[in-house]
Amino acid sequence: MAGSISDVKPAFISDEVAADDDFIVTAARPNTGATIANASFASGGARILNVTTTGTGDNAKTNTVVGTDVFGNSLTEVITSTGSAEAVAGTKYFKTITSVTSSAQFAANLKVGATASAAQSVGNGIRVRLKGFSIVSGGSAGVIEFIDGTPEDGTVLFKARTIGTDNTTLDRTIPQNGVLFESGLTIKYTIGTVDMMTFFFA
């Protein structure tokens, strides 16, 4: 008797790209569009971005970031500076960055970088059933969110917590048909709390 063929697929996330305050735009004073130093992340994930000013008189000046979201769809965010020599974080997760455009020239150099808050898709936005996962912990404990949809607009269906002891593994199998993510599965995590994650989905 022939055995049945499984429809379960694995997906891997290995992301140890540290937060970097000038990863996207190094110190510069663009009149409008900035020169992009890095347009994506080696891990293939998405990050919250931040803008750091070094001069005075930059209150209310803005930088418009254009790129793609965790599923590869178009994404735009305006990050407004609130003072001088200050870092302001955005709220949207960018997988790629196409452009950064200032509303006016800043008084001194500005930088655009990536925070430690990260997200990555499993299945790239398609409807999936999560059947199980294996998480190798980083050196500190942290919460991992399992989101139906994008990290900006989706719904957190459940959470897991890393152990906080480096290279310690957390394995979970989800019974029956698994957990359904109608709008696509996004994993949201903090850099340094995980070394590698494996997700089994169908």
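The values are calculated or read from the model by the stated rules, or taken from the named source; none is laboratory data. In this text the structure is predicted, and so the values were computed from the model without any measurement. Glycine also receives a Cβ, built like all others from the backbone with ideal geometry; neighbour counts cover every protein chain displayed.
Give 99, 84 a once-over and let me know the one that is small (Gly, Ala, Ser) and part of a strand (DSSP E or B).
Working: 84 fails: part of a strand (DSSP E or B).
Checking each option against the conditions leaves just 99.
Quick test for you: out of 46, 18, pick the one residue that is at pLDDT below 95 and under 20 Å from the mean Cα position of the chain (by Cα).
On the way: 46 fails: at pLDDT below 95.
Result of the check over 46, 18: 18.
Inspect all residues belonging to region 147-160 and state whether any of them is exposed (fewer than 13 other Cβ atoms within 10 Å of the Cβ), over 18 Å from the mean Cα position of the chain (by Cα) and of a type in the set (S, T, N, Q).
no
Evaluate the following for residue 100: is it modelled with pLDDT of 95 or more, assigned by TED's automatic domain parsing to the domain that holds residue 54 and within 28 Å of residue 167 (Cα to Cα)?
On the way: modelled with pLDDT of 95 or more: yes; assigned by TED's automatic domain parsing to the domain that holds residue 54: yes; within 28 Å of residue 167 (Cα to Cα): no.
The answer is no for residue 100.
Quick check on this structure: which one of 98, 68 is within 30 Å of residue 197 (Cβ to Cβ), of a type in the set (S, T, N, Q) and exposed (fewer than 15 other Cβ atoms within 10 Å of the Cβ)?
Working: 68 fails: exposed (fewer than 15 other Cβ atoms within 10 Å of the Cβ).
Every option except 98 fails the conditions.
Looking at 133, 94, which is the one that is assigned by TED's automatic domain parsing to the domain that holds residue 47, touching a strand residue (DSSP E or B) at 6+ places or on another chain (Cβ under 6 Å), modelled with pLDDT of 95 or more and within 21 Å of residue 16 (Cβ to Cβ)? Walk me through how you get there before you give the answer.
Working: 133 fails: assigned by TED's automatic domain parsing to the domain that holds residue 47.
Criteria check complete, one pass: 94.
Would you say residue 22 is assigned to a strand (DSSP E or B), in contact (Cβ under 8 Å) with a residue 60 or more places away in the chain and of a type in the set (Asp, Glu)? Don't jump to the end; show me each part of the working.
Working: assigned to a strand (DSSP E or B): yes; in contact (Cβ under 8 Å) with a residue 60 or more places away in the chain: yes; of a type in the set (Asp, Glu): yes.
So residue 22 passes the test.
Within region 129-152, is even one residue acidic (Asp, Glu) and in contact with a Gly (Cβ under 8 Å, 6 or more places away or on another chain)? Walk me through it before giving the result.
First pass over region 129-152, keeping only residues acidic (Asp, Glu): 145, 148, 152.
Now restrict to residues that are in contact with a Gly (Cβ under 8 Å, 6 or more places away or on another chain): 148.
Checked region 129-152: at least one residue is acidic (Asp, Glu) and in contact with a Gly (Cβ under 8 Å, 6 or more places away or on another chain).
Is it the case that residue 119 is surrounded by 21 or more Cβ atoms within 10 Å (Cβ to Cβ) and not β-branched (Val, Ile, Thr)? Working first, answer last.
On the way: surrounded by 21 or more Cβ atoms within 10 Å (Cβ to Cβ): yes; not β-branched (Val, Ile, Thr): yes.
When the stated conditions are applied, residue 119 passes them.
Here's the yes/no breakdown for (1) polar (S, T, N, Q); (2) assigned to a loop (DSSP other than H, G, I, E, B); (3) without any contact (Cβ under 8 Å) to a residue 40 or more places away in the chain:
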{"residue": "12", "(1), (2), (3)": "no, no, no"}
{"residue": "30", "(1), (2), (3)": "no, yes, no"}
{"residue": "43", "(1), (2), (3)": "yes, yes, no"}
{"residue": "50", "(1), (2), (3)": "yes, no, no"}
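I'm checking my understanding of the structure. Among residues of region 71-81 that are in a loop (DSSP other than H, G, I, E, B) and either under 13 Å from the mean Cα position of the chain (by Cα) or among the aliphatic types (A, V, I, L, M) (or both), which one is surrounded by the fewest Cβ atoms within 10 Å (Cβ to Cβ)? Break it down stepwise before answering.
Within region 71-81, the subset in a loop (DSSP other than H, G, I, E, B) is 71-73, 81.
Checking the rest, the ones that are also either under 13 Å from the mean Cα position of the chain (by Cα) or among the aliphatic types (A, V, I, L, M) (or both) come to 71-72.
Details: 71: 18, 72: 13.
This residue is 72.
In the set 65, 112, 70, 88, which member is at negative phi and out of contact with any Phe, Trp or Tyr (no Cβ under 9 Å at 6 or more places or on another chain)? Outline the logic, then answer.
Numbers: 65 fails: out of contact with any Phe, Trp or Tyr (no Cβ under 9 Å at 6 or more places or on another chain); 112 fails: out of contact with any Phe, Trp or Tyr (no Cβ under 9 Å at 6 or more places or on another chain); 70 fails: out of contact with any Phe, Trp or Tyr (no Cβ under 9 Å at 6 or more places or on another chain).
Exactly one residue qualifies, and that residue is 88.
Would you confirm whether any residue within region 162-178 is touching a Lys or Arg at 6+ places or on another chain (Cβ under 8 Å) and either without any contact (Cβ under 8 Å) to a residue 12 or more places away in the chain or surrounded by 22 or more Cβ atoms within 10 Å (Cβ to Cβ) (or both)?
no
Within region 52-76, restricting attention to residues that are modelled with pLDDT of 95 or more and hydrophobic (A, V, I, L, M, F, W, C), which residue is nearest to residue 114 (Cα to Cα)?
This residue is 65.
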